[in-house]
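K.L.:
Below is one structure. I have some questions about it.
Values in this text are rule-based calculations from the coordinates and carry no lab data. The shown structure was predicted, so the numbers you read here are calculated from the model rather than taken from an experiment. Glycine also receives a Cβ, built like all others from the backbone with ideal geometry; neighbour counts cover every protein chain displayed.
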Amino acid sequence: MEGPVQRYLTDRKRATGLGSAHTGTEHHWQMLVSSMAVVLVVPVFLVTFALGLRGTHAEVVAYFGHPVVAVIMAVSLIVIVRHVMNEAIEAAEDYVHGIAGQLTIVGVTWASYILIAIGLFAIARMAL
């Protein structure tokens, strides 16, 4: 059974994967690439993080202050938070409508970038 959107699409639009907004396929590929980045980053992050949990406070701060570790933490933070932000925005677009949806998207975007800024500040503070 076809949904209400499907009957407004021409055969050509169905074949090329473009709906009325012309961005569905592009968004899908962006999320696919983002998902692959998360799959690559998370294991490296988990191993790096786990290795830093042993020792005294000074040893842990020194470990996370190492440039390679700091870069791994920063890249992991950015990739993971941006992926979650894009997924949350997609969910808000699908399920929250009107002004509430717009405010939700703005709130998710601001919260994500604030979280990234705070995380990068903490990483930089340990690394410097």
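K.L.:
Mind checking the full-extension length gain between Ile78 and Ala62? Use 0.36 nm per residue of separation minus the Cα-Cα distance, one decimal, nm.
P.N.:
Working: separation 16, 0.36 × 16 = 5.76 nm, distance 2.19 nm.
Between Ile78 and Ala62, full extension yields 3.6 nm more.
K.L.:
Ok, one more. Read phi for every residue in the stretch 56-63 and hand back ³J(HN,Hα) as whole Hz from Karplus 6.51 cos²θ - 1.76 cosθ + 1.60, θ = phi - 60°, with x for Gly and Pro.
P.N.:
With the stated coefficients, the stretch 56-63 comes to 6, 4, 5, 5, 5, 5, 5, 4 Hz.
K.L.:
Label Thr10 and Glu26 with points 7 Å out from Cα along Cα→Cβ: what is the distance between them in nm?
P.N.:
Spacing of the two 7 Å Cα→Cβ label points: 2.0 nm.
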